[in-house]
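Enquirer: Dumping the structure here so I can ask a few things about it.
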Amino acid sequence: MPDALRVAVLGAGTVGGAVVRAFLARPDGLVVDGGPRLLLAGVAVRDPSRAIAAGFPHELLTDAPAHLVASPDTDVVVELMGGDEPARTLLTAALEAGKPVVTANKHLIAHHGPALEAAARATSTPLRFEAAVGGGIPVLRPLAGDLAANCVERIRAIVNGTTNYILTAMARDGRGYGDVLADAQAAGYAEADPAADVEGVDAANKLAILARLGFGAWLDPDRIVRRPPSVRGEAPAGITAVTDREVTGAAALGLTLKLVADVSRSAETDAERATDTPGDLAASVVPTALPLEDPLARTSGVRNRIEVRAAPVGSVAFSGPGAGGPATASAVLGDLHAIARGGGSSWAGRTGWPDAAAPLRPPWESADRDWFFLVPSPAVPDTGALGGAAVATASMGDDIAVRVTGASLERVRAALRDGLPPERDVTLYPAEHRRPAA
Ligand code: NDP
Ligand code: HSE
C-alpha cells in the first residue's frame, strides 16, 4: 500500500458536498489506522461556478469527470452524482483501471449490479456502496460480513427517508402530502426526481441491493411489486394514493401506514432453511398497515430501520438516519476507510449468482393474511362473506375503517366488489399480524 490514496469525488451536492467538507476540515487528509491516509485529489461537478459560490475551492473543481477518473493522480473514485449515465460508464472505467470505487447510487447498483460486480471481480477491485441503503446506517457490511454464515429468511425494512418523513408528518401532525414533500426536498432527503421516492422506486432499488447481500441473487428492481392490490385491480404505486383519511382510519384501529420493503424466501423445511440458494422469493415495496407497537411503526421521520431474520442468528435490526448529507457522508467515508485498510467489495463473503435474476412473486399471492382498508359505510363486508375471518371496524363519518384478520385477497375482493359503487375502487393494504402481548 502507498503512503496516501488520492480520492476523486464526482458530485458535490447534498452528499458529495458533505464528503468534500469532511476532507476540507482535515487538511492533512483522513488518517486511517493501519493504512494510507486519504487525500482529496479533485471534485467534478456540472457547473463549477455554482460549487465555487457554495464555498468549494476552485483549484479542486472540474467539469470533466472522465478526465478526473482517468488521471494518474486519482487512486480511488467516489461517485455521488446519481442517475444512470455518465455514472455507469465512469465507474466501469474506474473498475477496469483497477481503481476502487465508492458510490451511494442505489439506482446504478440495483440496475447494473451484475455488470458492475463482474467488472469489479475481473480486476479484483473493491466496489463499495454502504451509503446506497439506509443512509448513515451500517447495514450492508454487517449483512454481508458478520452475518455471512447465516441463511437469511426475510428482510423487512423502511428504507426510504422521504416517504417515512411524509407519512410520519401526515399521521402525527395531520399535514398535507405536498406540503411535507416540499420540506423533505428542502432538507436534501428526496431524489432529484421525487417521484422515485413516493412511487417506491428508490426503496425497490434498495431492496434489490439488500436481496443481493442477503440472498446472493440480483433481483430485477423493476419487477418488485410497488402497487398494493385494490378491490378492482391495483392501486397507484408507492404512497402516491395514500389519503389523510386512510391514515386517520388506520390510527383509529391501532395501525399506522408505512412504506415497507419486504423480501422473503419460502423455506418450509429445516433442510430448505439451511441451504443458501435464493429459491422462491417474494418481494414488495408497498404501504403496509402495522400495529402501533411494531418497531417499524415506531420508526419516525427520516429514520430507517432494516430487520433481518436469519438462521442461526434469529432476528437482528439496524436503525438510524436514512438520508441527508451528513449521515450519508458517514457511510461513504466509512467505505473509504475500509478501502484504505484493504477491505474488499460490499458483498464481502456473500457469494452470489451474478447472472441469475431470481424469480419473484407478490407476497399476498397465496395464503390468508391481514388487510386494512377504508370503505363507504354501506360496503362493510360481513364476516360470513369473509369465511368467518375476524373484522374490526372504526367509524369515519361516511366511511368505515376496516381491518380483516386472516383472509385471502380473493375473498376480501369478492366480499367488497358488489357493495362498492361501480366507479369506486378501494386500496387493500396488507397488514401485519398484531404481535402477541409479551
Ligand atoms: P445532488 O443532486 O444534491 O448532487 C448531485 C451532484 O452531482 C451535483 O454536484 C451535480 O453538479 C453533480 N453532477 C450531476 N451530474 C453530473 C455530471 N454529469 N457531471 C458532473 N457532475 C454532475 O444529489 P445528492 O447528493 O442528493 O445524491 C447523490 C447520490 O447519492 C445519488 O445517487 C443519490 O441517490 C444518493 N443518495 C442520496 C442521499 C440523500 O440523502 N440525498 C442519501 C443516500 C444516497 P451540479 O450541482 O453542478 O449540477
Ligand atoms: N431519497 C432517499 C430517501 C435518499 O429519501 O431515502 C436516501 O437514500
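Enquirer: If the requirement is being crowded, with 18+ Cβ neighbours inside 10 Å, among the polar types (S, T, N, Q), in contact (Cβ under 8 Å) with a residue 12 or more places away in the chain and closer than 20 Å to L255 by Cβ, which of these qualifies: T393, T427?
Expert: Exactly one of T393, T427 is crowded, with 18+ Cβ neighbours inside 10 Å, among the polar types (S, T, N, Q), in contact (Cβ under 8 Å) with a residue 12 or more places away in the chain and closer than 20 Å to L255 by Cβ, namely T427.
Enquirer: Would you be able to tell me the number of residues in region 88-102 that are among the β-branched types (V, I, T), away from ligand 2 (no atom under 16 Å from the Cβ) and surrounded by 24 or more Cβ atoms within 10 Å (Cβ to Cβ)?
Expert: Number satisfying all stated conditions: 1.
Enquirer: Name the helices (runs of 4 or more DSSP H) wholly inside region 79-194 in which the number of residues that are within 16 Å of ligand 1 (Cβ to nearest atom) and within 18 Å of A348 (Cβ to Cβ) is 1 or more.
Expert: It comes to 106-122.
Enquirer: Now a separate question. What do you reckon, is A195 more than 12 Å from the chain's Cα centre (by Cα), of a type in the set (A, V, I, L, M, F, W, C) and within 15 Å of ligand 2 (Cβ to nearest atom)?
Expert: Taking the combined requirement at face value, the residue satisfies it.
Enquirer: For region 103-120, give me each residue that is surrounded by fewer than 22 Cβ atoms within 10 Å (Cβ to Cβ) and charged (D, E, K, R).
Expert: The one that is surrounded by fewer than 22 Cβ atoms within 10 Å (Cβ to Cβ) and charged (D, E, K, R): E117.
Enquirer: Between a first residue in region 177-189 that is on the phi > 0 side of the Ramachandran plot and touching a residue at least 12 places away in the same chain (Cβ under 8 Å) and a second residue that is surrounded by 15 or more Cβ atoms within 10 Å (Cβ to Cβ) and not in a loop (DSSP other than H, G, I, E, B), which pairs have beta carbons less than 6 Å apart while being 6 or more apart in sequence or on different chains?
Expert: These pairs meet every condition: G188/T14; G188/G325.
Enquirer: Let me spell it out: the conditions are (1) modelled with pLDDT under 95; (2) among the basic types (K, R); (3) not assigned by TED's automatic domain parsing to the domain that holds Y177, and R265 meets all of them except one. Which number is the exception?
Expert: R265 satisfies all of (1) modelled with pLDDT under 95; (2) among the basic types (K, R); (3) not assigned by TED's automatic domain parsing to the domain that holds Y177 except (3).
Enquirer: Just give me the residues in region 35-65 being farther than 17 Å from K99 by Cα and in a strand (DSSP E or B), in sequence order.
Expert: Those that are farther than 17 Å from K99 by Cα and in a strand (DSSP E or B): L61, T62.
Enquirer: Further question: Looking at region 45-71, I want the residues that are at positive phi and have a partner that is of a type in the set (K, R) and part of a loop (DSSP other than H, G, I, E, B) with Cβ atoms under 6 Å, at least 6 apart or on another chain. Which pairs are those?
Expert: none
Enquirer: To continue, here is another question. Which residues, counting only those in region 284-303, are in a strand (DSSP E or B) and under 17 Å from the mean Cα position of the chain (by Cα)?
Expert: Listed by number, the residues that qualify are S284, V285, V286, P287, T288, R303.
Enquirer: On to the next question. Run down G42, G11 and say which single residue is at pLDDT 95 or above and within 16 Å of ligand 2 (Cβ to nearest atom).
Expert: Answer to the check: G11.
Okay, residues lined up against (1) farther than 20 Å from L108 by Cβ; (2) crowded, with 17+ Cβ neighbours inside 10 Å; (3) outside the structural domain of R226 (by TED's automatic domain parsing); (4) within 10 Å of ligand 2 (Cβ to nearest atom):
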| position | (1), (2), (3), (4) |
| --- | --- |
| A122 | no, no, yes, no |
| G136 | no, yes, yes, yes |
| I155 | yes, yes, no, no |
| L167 | yes, yes, no, no |
| A171 | yes, yes, no, no |
| R175 | yes, no, no, no |
| D179 | yes, no, no, no |
| A182 | yes, no, no, no |
| A190 | no, yes, no, yes |
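The values are calculated or read from the model by the stated rules, or taken from the named source; none is laboratory data. No experiment lies behind these values; they were computed from the predicted model shown. Don't worry about glycine lacking a Cβ; one is built from the backbone with ideal geometry, like all the others, and counts go over all protein chains shown.
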